[in-house]
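K.L.:
After the structure tokens below, expect a handful of questions from me.
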Amino acid sequence: MKVAVFEATEWEHQACLSLQPRHTVHCTAERLTSELVDGFSDAEIVTTFIWSDLSAAVLRRLPKLRLIATRSTGFDHIDLDHCRKAGVTVCNVPDYGDHTVAEHVFALLLAFSRRIVQAAERTRRGDFSEAGLRGFDLAGKTLGVVGAGRIGRRVAGIARGLGMHVIAFDLRPDPEAAAALGFRYAPLAELLASADVVSLHLPGGAGSHHLLGEPELARMKPGAVLINTSRGGVVDGEALVRALASGHLAGAGLDVVAEEGALREEAEIFRTQATVSTERLRALVADHALLSLPNVIVTPHIAYDSREAVERIIDTTLANIAAFEAGAPQNVVS
């Protein structure tokens, strides 16, 4: 089959060449876009990361497509309705970086709680003043985990090791996991009102869009910290800016924002004839505001990005392709 690999780094390129000579492989560092898609119209397998355009409008121009192997756990960047109708199988990488992402949660949280960014910037200038750098302990604080799946449970385990109390909200509670890790489940409203730190671990998509809006953020404990390493759209960016600027929330650590794709290349939103919605433009402005707030730490969607995790991603992706080739697809997104 003909395999098109998008958003490929050099080492991913080399790894994907192992598919030859069974398959014809074309690797590119570019994202799949409406401008590039016609050059790959004969592709039967497409593998991308999350920045490619896998909308119905693009996928219709891949008439031979049989498999999308996304190199991610999330799949909200793929038009699954189109894939179902077109008979295209979609596979993901469900388990590659549970502890990798969980560790990044605490990198963000500790950077905020101990004023690491400000301290490092100050001392780099030769200023060793301690003024304004006093932090706070995590031990004894309450962490609220919204979404207690694999990553959320890893976060709970680390938090317990730091001496934190943990409460969790999940649509499918697992009492055995709670007992083993020492946390309890609570309704979302109770969690938001009780937690000193709220950490989000939810898939993107319509079901979680703006789960934390104005009312939910207002319900959070005054002085609480929000950590988001899931998807930017889970939080209403405008409401978050207001909550942070007013001082209701002490701060936020964000690895994701709603319009991060547009932030990476803002000219992209003007390259098509489609009208850009007012909602998207407002979200983009909110993201800019979050980047500039002094009580916010933003990283560029790198919570997953450790050496070991990305090796697991490519290994699983190649295994997904091999399983599809053998007629027994694995890690299929339903």
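The values are calculated or read from the model by the stated rules, or taken from the named source; none is laboratory data. The shown structure was predicted, so the numbers you read here are calculated from the model rather than taken from an experiment. Heads up, the Cβs are rebuilt from the backbone with ideal geometry, glycines too, and the neighbour counts pull from every protein chain shown.
K.L.:
If I go through region 122-163 residue by residue, how many of them are touching a strand residue (DSSP E or B) at 6+ places or on another chain (Cβ under 7 Å), part of a loop (DSSP other than H, G, I, E, B) and either aromatic (F, W, Y) or closer than 18 Å to P187 by Cα (or both)?
P.N.:
Adding up the residues that qualify gives 2.
K.L.:
Please go through region 298-326 and pick out each residue that is touching a strand residue (DSSP E or B) at 6+ places or on another chain (Cβ under 6 Å) and surrounded by fewer than 18 Cβ atoms within 10 Å (Cβ to Cβ).
P.N.:
Within region 298-326, none qualify.
K.L.:
Anything in region 106-120 that is among the β-branched types (V, I, T) and either free of Cβ contacts under 8 Å to residues at least 40 places away in the same chain or under 19 Å from Q330 (Cα atoms) (or both)? List them, or say none. Steps first, answer last, please.
P.N.:
If we filter region 106-120 for residues that are among the β-branched types (V, I, T), which is where we start, we get 116-117.
Listed by number, the list holds a single entry, I116.
K.L.:
I'd like to verify a number: residues in region 193-206 that are more than 25 Å from T100 (Cα to Cα) and either surrounded by 23 or more Cβ atoms within 10 Å (Cβ to Cβ) or free of Cβ contacts under 8 Å to residues at least 24 places away in the same chain (or both), how many? Write out each step before concluding.
P.N.:
Here is the first cut: in region 193-206, the ones more than 25 Å from T100 (Cα to Cα) are 193-194, 206.
Now restrict to residues that are either surrounded by 23 or more Cβ atoms within 10 Å (Cβ to Cβ) or free of Cβ contacts under 8 Å to residues at least 24 places away in the same chain (or both): 206.
Residues in region 193-206 being more than 25 Å from T100 (Cα to Cα) and either surrounded by 23 or more Cβ atoms within 10 Å (Cβ to Cβ) or free of Cβ contacts under 8 Å to residues at least 24 places away in the same chain (or both): 1 in total.
K.L.:
Would you point out which residue out of R154, R172, R160 is over 21 Å from I297 (Cα atoms), of a type outside the set (A, V, I, L, M) and touching a residue at least 24 places away in the same chain (Cβ under 8 Å)?
P.N.:
R154
K.L.:
Another one. From R184, R160, R153, which residue is assigned by TED's automatic domain parsing to the domain that holds V235, basic (K, R) and within 20 Å of V234 (Cα to Cα)?
P.N.:
Answer to the check: R153.
K.L.:
Let me ask something else about it. Starting from region 79-105, take each residue that is more than 16 Å from I313 (Cβ to Cβ) and list its partners that are of a type in the set (K, R), counting only C-beta distances under 6 angstrom and pairs at least six apart or across chains.
P.N.:
A102/R154
K.L.:
Suppose we filter region 173-217 for residues that are assigned to a helix (DSSP H, G or I) and modelled with pLDDT of 95 or more; how many remain?
P.N.:
18
K.L.:
For a quick check of your reading of the model, give me the residue pairs whose first member lies in region 121-146 and is within 15 Å of I167 (Cα to Cα), whose second is in a loop (DSSP other than H, G, I, E, B) and at pLDDT below 95, with beta-carbon atoms closer than 7 Å and at least 6 apart or on different chains.
P.N.:
V146/L202
K.L.:
G39: free of Cβ contacts under 8 Å to residues at least 60 places away in the same chain and at positive phi, yes or no?
P.N.:
Against the criterion (free of Cβ contacts under 8 Å to residues at least 60 places away in the same chain and at positive phi), G39 does not qualify.
K.L.:
In region 139-160, what residues are over 24 Å from the mean Cα position of the chain (by Cα) and surrounded by fewer than 19 Cβ atoms within 10 Å (Cβ to Cβ)?
P.N.:
Correct list: A139, G140.
K.L.:
Taking strands (runs of 3 or more DSSP E) that fall entirely within region 1-119, which contain at least 2 residues that are in contact with an Asp or Glu (Cβ under 8 Å, 6 or more places away or on another chain) and surrounded by 16 or more Cβ atoms within 10 Å (Cβ to Cβ)?
P.N.:
2-5
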